Amino acid sequence: MVPASSPAALASPPSAVPGLSAVPAPQPEPSTRWLVGLLLLAALLPRLGVFFINENLFGDAVVRTELAERWLADPHVITSYKDGTYQFGPLHLYLVGAVLSVFERDVAGRLVSLVFGVLSVVPLFALTRRLFGWRAGVAAGLAFSAWGMHLQFSTTAGSEAVSLFFMLAVFALVAEGVEENRFQPLFWGAVLLNFACALRYDAWMYIPLISVALVFSSEDRVASLTRAVGFGLVCLPFPLLWMQGNELAHGDPLFPIKAVEDFHKQWVSDSGGAGGALGWRLQQLGFWPAVALFTLTPGVALLGGVGMVRAWKKHPETRWLVVMAVVPTLYFTLRAAVLLNFVPLARFTVTQLVLLPVFMAPGLAALVGNKGAFARRAVVGVSAVLAVVMPVALGIYTFRTEGGFHDSLRPVSPTSTNPVAVMQVARYLKEEVAAKGGAAAIDDDPSYMDLQVAFFSTLPEMRMARVRWDTFRQRLADARPEVLVRFDGGRLVKDPGVKLEGRTLTLDGVAYQEQDGFLAPLHVYRRQQ
């Protein structure tokens, strides 16, 4: 063989290889940095577009921010449920708390979500590119950038956007480790899975899922078992430390998880599902597919779903990733539709749904096949239009509009805004009470809108007496609030020390007069002089 750089090779004419000129040269892949830069811009622009109009509402965003404020006032390593985090992951409080040292409370948590939400397109592109090529990676990144529900997650202070970044990074590193037969990417994937577990409890199930998948990742059984055991061991530090902390604090290493499960069981009962009505079961049975079709939009969801089926048949090396989407979906559906001990929310589906765009390329190949360029362009064009138009229309439909379907669709909309009546009272407390050094008493609300009123009022905790707290009476005595907020259906009027007569409310012998100009179900009272 003659080296390519030798004079003989240079002297050889092109005709030395018959027919070579008739074979089209493969198109070079564009610069990866350039592609990633464009995808980051595509993810950032729509999120910036809604960042300045969105408000903390879902995902316990205000509670998480308040807990992060408490942690910032007393920084320490959180070791258990009762050590300042309750049912939430401690890592999210650390992140939001750190940003709170620079930005105000309404911005800090949302800024954390924005950064991680935009960055999520990078591991998604890396994962898809590795499995199906750079064009598939770009398509997945663009579909993700337009995902309306994720736009909300990226601009409010819940933990979904942050957790999803870590989970995508885990999947990308696992794919790299398996394809290149190297343990280092698997090691770092396991490290990041610790972080994901410190954010949300649903990430814990991926420790056994990925470990089992790695057992079947190679025909070399020794190598596969070594990968699986090594990955699983590196995943354990945070879960073991967290379980130990809860064992010491509560006598049960799984106390937070059981507390969440008990909450969901009660939620099923309160929602009317405890009897196992057929309608309830059917609703839960179709929940994941419905959220996929409506939020990712039909084109992306169908292409991804068909692509998963095709990949399972044609690309056995990707089956582990299909399992990462399908098994958790089946598990949660079983709990919701059969066992009746879980109430699914759209935000619970993101780790599974985000994998659908990864499989759009094989889905397109399966649907279009050899039908020609026109059919391919038609499917891609319709899918792209739906992916953009549906989130935009939904965002406009739910923006500062209340009642009926507006409220039902708001949790999956790109825009997240609080009820007008709630923000009206919150602004009043901020301008007329907080700004003047005053204090307020706040009723609790069955739909938790009292949390929003308290948060946006900007009142310090020591200048609030909240019925939701067991310190309500003590705070009343200490703060002597001059303003009182009551909710229709709240517990305040059921208090033995409360008497409501017309527009006058008497609390522990102190009379408050109702003020004009506020909308039901909220009522604002001022203490009579």
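The values are calculated or read from the model by the stated rules, or taken from the named source; none is laboratory data. Predicted model, so just to flag it, every value in this text is computed and none were measured. We place every Cβ from the backbone using ideal geometry, glycine too, and count neighbours over all the protein chains shown. Surface accessibility is based on the protein's heavy atoms, side chains included, excluding ligands, DNA and RNA. Shrake-Rupley method; radii C 1.70, N 1.55, O 1.52, S 1.80 Å.
With the helix formula -39500 (n - 2.57) applied to DSSP H stretches of n ≥ 4, the chain reaches a computed 222 nm mean residue ellipticity of -17500 deg cm²/dmol.
Computing the accessible area with a 1.4 Å probe over protein heavy atoms, can you report the carbon and sulfur percentage for region 32-395? In region 32-395, the share of accessible area belonging to carbon and sulfur is 69 percent. If the chain linking ASP470 and TRP267 were pulled fully straight, counting 0.36 nm for each residue of separation and taking away their Cα-Cα distance, it would gain 70.9 nm. To the nearest ten degrees, helix 373-398 and the longest principal axis of the Cα atoms of the chain are 10 degrees apart. Computed over the alpha-carbon pairs of region 420-527, the distance histogram in 10 Å steps reads 16, 56, 28, 0 percent, short to long.
On the beta carbon distance between VAL215 and LYS436, with R0 = 51 Å, the FRET formula returns roughly 0.20.
Among beta bridges identified by DSSP and lying wholly in the chain, the antiparallel ones come to about 75 percent.
When the chain is fully extended, how far beyond the present Cα-Cα distance does GLU104 get from LYS314, taking 0.36 nm per residue of separation? Length gained between GLU104 and LYS314: 70.5 nm. In this model, which of LYS82/LYS265; LYS82/LYS258; LYS82/LYS436 are farther than 25 Å apart at the alpha-carbon? As for pairs spanning more than 25 Å Cα to Cα, those are LYS82/LYS436.
From the alpha carbon centroid of region 336-381 to that of region 53-115 is 33 Å.
Judged by the mean number of other Cβ atoms found within 10 Å, the most tightly packed of the peptides 217-229, 95-107, 267-279, 50-62 leads the ranking 50-62, 95-107, 217-229, 267-279. Between region 233-306 and region 153-167, what is the C-alpha centre distance in whole Å? Measuring centre to centre over Cα atoms gives 16 Å. Across region 270-396, what fraction of all alpha-carbon pairs, as a whole percent, falls in each successive 10 Å bin from zero upward? Using 10 Å bins, I get a P(r) of 13, 36, 31, 16, 3, 0 for region 270-396.
With Cα atoms defining each centre, region 384-458 and region 467-529 are spaced 22 Å apart in the structure.
Under a model in which nothing but the beta-carbon of Lys, Arg (+1) and Asp, Glu (-1) is charged, the chain shows a dipole of about 1240 debye around its Cα centre. Averaged per residue, the chain has 47 square angstrom of accessible surface, using a 1.4 angstrom probe with ligands and nucleic acids left out. Translational diffusion of region 111-188 was estimated from the Stokes-Einstein equation, with Rh taken as the Kirkwood radius over Cα pairs; at 37 °C and 0.692 mPa s the coefficient is 256 µm²/s. Once the Cα-Cα distance is subtracted from the 0.36 nm per residue extended length, the VAL510 to LEU41 segment shows a gain of 163.1 nm.
The modelled label-to-label distance for the pair TYR448/ALA378, using points 7 Å beyond Cα in the direction of Cβ, is 4.6 nm.
Using equal-weight Cα scatterers in the Debye expression, the normalised intensity of the chain in log10 at q = 0.08, 0.10, 0.11 Å⁻¹ is -0.60, -0.89, -1.04. Only one residue of PRO253, SER457, ALA136 has its Cα farthest out toward the positive end of the dipole of the chain, where Lys and Arg carry +1 and Asp and Glu -1 on Cβ, and that residue is ALA136.
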